[in-house]
1. Give, as residue ranges, the strands (runs of 3 or more DSSP E) completely inside the range A:172-269 that count at least 1 residues that are touching a residue at least 60 places away in the same chain (Cβ under 8 Å) and closer than 25 Å to A:S48 by Cβ.
2. For the range A:168-189, what are the residues that are over 13 Å from the mean Cα position of the chain (by Cα) and either within 13 Å of chain B (Cβ to nearest Cβ) or under 15 Å from A:L318 (Cα atoms) (or both)?
3. Take residues that are aromatic (F, W, Y) and tell me which of the strands (runs of 3 or more DSSP E) falling wholly in the range A:653-743 contain 1 or more.
4. Hey, can you tell me all the residues within the range B:40-62 that are among the hydroxyl-bearing types (S, T, Y) and farther than 17 Å from A:D339 by Cα?
5. Return yes when A:A683 is within 11 Å of ligand 3 (Cβ to nearest atom) and small (G, A, S) and no when it is not.
6. Just need a number here: residues in the range A:309-331 that are within 22 Å of the chain's Cα centre (by Cα) and either more than 13 Å from every other protein chain (Cβ to nearest Cβ) or surrounded by 18 or more Cβ atoms within 10 Å (Cβ to Cβ) (or both).
7. Going by the conditions given, is A:M567 touching an Asp or Glu at 6+ places or on another chain (Cβ under 9 Å) and either basic (K, R) or within 30 Å of A:S676 (Cα to Cα) (or both)?
Amino acid sequence: MVKKLVVIGAGMASGRALETLFKETSEDWDVTLFNAEPRGNYDRIMLSPVLAGDKTYQDIVIHDDAWYAEHGVTCRFGEKVAEINRETKQVMAENGDVLDYDKLLIGTGSNPFMIPLPGHDLEGVIAYRDLEDTERMMSMQPGQKVVVIGGGLLGLEAAAGMAARGVEVTVVHIMGHLMERQLDEAAGYLLRKALVDKGITVMCSANSKEILGENGKVKALLLDDGTELPCDLLCMAVGIRPNVALAKEAGLAVGRGIHVDDQMVTSDPDILAVGECVEHDGQVFGLVAPLYDQAKIVAKTLQGEEAAFVQKSLSTKLKVTGCDLFSAGDFADGEGREDIVFRDPARGVYKRLVIEENKVVGAVFYGDTSDSSWFFGLIKDGTDIAEMRETLIFGPNFQGGEPLDPTAAVAALPPDAEICGCNGVCKSEIVEAIEAGAGDLGAVRATTKASASCGTCTGLVEQLLAFTLGDAFDGSKEAAICGCSDLTHMDVRRLIKSQELKSQQAVWQELGWKTKDGCHVCRPAVNYYLLADWPVEYEDDPQSRFINERKHANIQKDGTYSVVPRMWGGMTTPDELRAIADAADKYSVPTVHVTGGQRIDLLGVKGEDLPAIWADLNKAGMVSGHAYAKGLRTVKTCVGKDHCRFGTQDSTGLGIQLEKKLWGSWTPHKVKLAVSGCPRNCAEATCKDIGVVCVDSGYQIGVAGAAGMDVKETERLADVATEEEAMEMIQAFMQLYRENAKYLDRPYKWVAKVGLDWVKEQVVDDLETRKALVERFALSQSVYQKDPWAQHVEEKAESYQPIANLTLEAAE
Amino acid sequence: MSSWIDVGALDAIQPRGARVLKTAFGCVAVFRTGEDEVYALENSCPHKGGPLSEGIVHGSKVTCPLHNWVFDMATGQAQGADDGRVATYPVRVEAGRILMDAAFLQNRSAA
Ligand code: SRM
Ligand SMILES: Cc1cc2nc3c(=O)[nH]c(=O)nc-3n(C[C@H](O)[C@H](O)[C@H](O)COP(=O)(O)OP(=O)(O)OC[C@H]3O[C@@H](n4cnc5c(N)ncnc54)[C@H](O)[C@@H]3O)c2cc1C
Ligand code: SF4
Ligand code: FES
């Protein structure tokens with residue numbers, strides 16, 4: 001007997017179900033196929049190549065009229081089913097037609113999710129789901145502007161497709177990196193770079209606030225930081241929701257999707273469902289591979305055969321020309337999981353395998369995906385990889401590998417990469433000199449001047465020697481930054497500048513880091529280098545800082561903290577002292593100590609009390625003394641000429657001015673200053689990082705002193721006549737130190753390496769350079785001279801509290 | 001039998017960060033890695049009691065803030081030359097919430 005099958009939705013899933021069914025039999029079923037779209041089944045996945053102009057709609061039709069005719073399918077395209085009546089086993093079409101069914105198959109797919117921002121219903125705000133959306137995007141002309149909300153698979157394919165047509169596209173993504181569901185940060189970084197190269201503007205961590213319109217038509221997207229992005233079309237590609245409305249009204253069991261069992265049968269035995277509209281075992285679906293598996297089960301179930309749908313691992317590829325990207329399985333860190341990471345900066349390749357119990361459970365590849373199906377096979381089959389673990393990452397064709405080359409990162413640099421910043425010497429010049437016979441550092445210095453000035457690029461020049469000469473070069477080796485990289489601190493610093501690396505991900509990738517996100521040794525250093533070189537572009541990462549700098553207080557051996565408010569130039573007032581005393585009482589501070597830096601230390605404050613005690617001190621006008629920071633600590637002064645019979649200049653005033661200019665700046669190590677009013681030197685200025693001794697004729701500026709583990713007198717940088725000159729020179733010195741020193745080198749160590757003469761050239765002799773240094777310092781201060789105490793009280797006081805207190809709950 | 005209790009939102013912890021959870025038997029450090037995995041460890045370092053929740057998180061490891069011992073958060077084992085182990089507790093994330101096994105937390109003192 002011929003049975004009546006009604007199918008709702010002519011999508012990719014139901015289409016495959018019909019195909020499979022007809023392979024077995026066309027005779028048993030009388031099929032009626034409804035579709036809301038005015039066409040039959042086409043390859044929705046290939047809309048992106050259509051958008052990019054690589055294919056036409058005709059190329060992507062899966063079932064044409066002839067196919068439907070051949071299998072006797074009654075097509076009702078452009079018609080929606082309006083209602084399902086389970087009791088009478090009938091469906092009603094939009095136009096009121098009522099049809100009987102023996103079996104009903106729901107394949108309604110999903111609806112694009114539209115964020116309900118103000119203005120989301122304006123003309124010109126579209127999703128990316130069907131041919132109509134695609135055609136709308138194809139109508140954009142070169143030079144027109146489009147904003148795409150969503151940096152996932154769909155959003156990026158939409159963006160790349162339109163960019164290929166010369167449209168100016170901006171992608172706005174709420175998360176920190178692109179395609180965060182499929183990619184880890186490193187691959188997200190590479191992808192972003194490739195898209196930016198295609199002329200697409202990519203904004204991550206960007207929150208949309210409102211869609212602005214004019215005469216009912218979209219005009220711009222407003223972000224919550226106030227940025228306005230003008231646009232002629234706005235495409236929202238932020239996710240999909242299973243299309244369950246019809247099933248829900250019919251009273252079928254529905255969660256996120258329509259509930260189905262392993263046979264793809266819904267809570268009604270005569271109704272099956274398939275595709276993105278279903279929920280199976282708590283899971284909903286957004287890629288075709290599992291839908292096609294479901295479709296086969298649907299056909300079997302309809303034929304009364306035994307079959308069960310099993311969920312499998314999924315893999316994703318992005319269909320954007322030039323972005324080879326693959327991700328599969330589960331690649332999050334997890335208990336007992338280990339990573340194997342491979343990076344080849346020269347080719348822009350990144351590969352990461354996640355291993356658990358000798359099996360590959362996840363993989364992310366960027367740049368070279370040629371072996372991805374082999375790896376995907378390992379994941380799906382759960383192959384034991386213990387035997388091939390060491391060479392696994394090199395893929396199936398691996399034949400006895402070579403050890404990783406420590407000069408790889410330098411070898412990967414482009415010929416025009418600047419190696420020596422002082423003398424503007426690039427890689428190719430140095431390599432040419434070496435090839436022409438300059439066989440050691442001295443010879444390279446003599447012929448190219450590279451590393452002949454401040455010397456911080458010495459490591460890079462040596463690596464170039466090693467890589468150009470091979471075994472013939474025997475260089476002295478400075479230690480690598482840590483186990484995560486073979487490069488030295490100074491190599492990393494140089495390359496961050498010359499390669500314009502502006503994010504941690506850029507450093508990990510371009511410099512071939514061996515770990516995923518560094519370690520406690522390299523991350524604080526890299527974070528510092530990035531913020532010092534790119535104060536505007538790079539954002540400081542507190543999670544890459546030692547706890548003292550993350551919590552802006554000094555951790556004690558018992559886990560409490562010390563709090564030291566600033567006392568400008570060591571001056572205080574009765575009001576400040578009262579506020580400190582009150583705070584000490586209020587928070588039961590066990591120890592109050594007068595420090596060696598002319599201020600007062602409150603020791604033993606509980607971590608939870610920090611925001612509150614800061615707020616109290618802030619109220620009395622005091623800010624953080626940064627007594628915990630690799631930054632400016634104190635400026636000690638003596639009472640100077642206002643009071644002292646020997647005083648020559650206003651040492652207190654100059655000290656306060658200096659502290660007010662320099663506070664809040666992050667430096668490679670802590671920096672301490674002092675200003676004494678005469679050569680008796682009561683403020684101990686001659687053993688500071690920077691010390692000023694006032695004399696009748698002006699100011700003697702000394703630098704590079706020490707009085708900690710080493711004791712060393714300052715060296716004279718210059719004698720100047722005015723306060724202004726002293727201020728300027730000291731800021732220039734600070735900035736030169738900030739830009740060039742190795743992390744955790746105090747100024748005296750750094751000056752010993754680069755030589756005082758070179759420092760003098762920059763900050764004393766060359767007025768242009770001095771001015772530029774002062775300007776760069778001011779720029780950095782415009783970002784970083786903020787009281788972190790006030791900021792944390794306002795923005796993250798909550799994070800100082802326990803996430804939960806179960807002792808209270810137990811008592812309740 | 002395990003009974004999972006909700007101790008807070010995943011977003012309440014910075015990626016590569018931690019918060020402490022106070023229990024009747026002392027503090028537990030709840031970590032979130034750069035890739036949104038969570039781990040729960042005894043907060044006190046076996047070396048000299050440093051608060052691990054204040055350490056730098058890298059990969060699935062954490063470095064104690066007091067003297068830089070490094071622990072694998074999955075096993076609680078000290079890495080490299082240092083010898084020691086901190087207790088780990090079952091924890092998972094569901095729908096953006098962090099869940100911990102109450103039974104385990106209560107058994108802490110016995111463990
Ligand atoms: C509070 C204070 C001692 C005091 O009570 O007087 C102090 C306390 C600490 N000093 Fe200091 N130093 C203090 C003045 C000094 C001085 C004297 C000065 O500033 O005039 C020196 C010698 C000058 C110098 O800076 O070198 C000094 C040389 C050091 C050193 C050695 C640095 C070096 O490069 O040789 C360290 C270790 C380090 O920084 O790596 C250090 C480290 C420390 C730390 C931060 C150790 C730590 O990491 O926990 C101490 C924190 C104690 C705590 O538990 O809170 N402290 N320390 C002083 C704070 C001054 C301020 O108001 O900010
Ligand atoms: C641009 C784009 C690119 C993609 N790229 C990939 C990729 O690279 N890889 C991958 O695996 N997946 C990709 N996908 C996802 C993939 O296309 C979907 O998973 C798949 O098409 C879902 O199939 P389906 O049959 O469940 O739903 P659909 O194909 O959406 O079909 C459902 C149909 O039901 C119709 N319908 C809904 N309600 C009714 C009703 N009441 N009455 C009648 N008809 C109704 C709809 O009009 C629609 O035509 C992409 C999707 C898009 C939009
Ligand atoms: S530095 Fe000179 S002027 Fe200043 S207090 Fe000491 S002795 Fe007096
Ligand atoms: S207390 Fe943790 S390393 Fe010393």
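The values are calculated or read from the model by the stated rules, or taken from the named source; none is laboratory data. Computed from a predicted model, the values in this text were never measured in an experiment. Every residue, glycine as well, gets a Cβ built from its backbone with ideal geometry; the counts of neighbours run over all protein chains shown.
1. A:208-214, A:217-223, A:228-230, A:233-236, A:240-242
2. A:R181, A:Q182
3. Where strands (runs of 3 or more DSSP E) fall fully within the range A:653-743 and carry at least 1 residues being aromatic (F, W, Y), they are A:698-703.
4. B:S44, B:S53
5. Yes: the conditions hold for A:A683.
6. Of the residues in the range A:309-331, 13 are within 22 Å of the chain's Cα centre (by Cα) and either more than 13 Å from every other protein chain (Cβ to nearest Cβ) or surrounded by 18 or more Cβ atoms within 10 Å (Cβ to Cβ) (or both).
7. Yes, satisfied.
To keep it simple, each residue is scored yes or no on (1) among the aliphatic types (A, V, I, L, M); (2) out of contact with any Ser or Thr (no Cβ under 9 Å at 6 or more places or on another chain).
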{"site": "A:T321", "(1), (2)": "no, yes"}
{"site": "A:G329", "(1), (2)": "no, no"}
{"site": "A:F342", "(1), (2)": "no, yes"}
{"site": "A:A346", "(1), (2)": "yes, yes"}
{"site": "A:Y350", "(1), (2)": "no, yes"}
{"site": "A:V354", "(1), (2)": "yes, yes"}
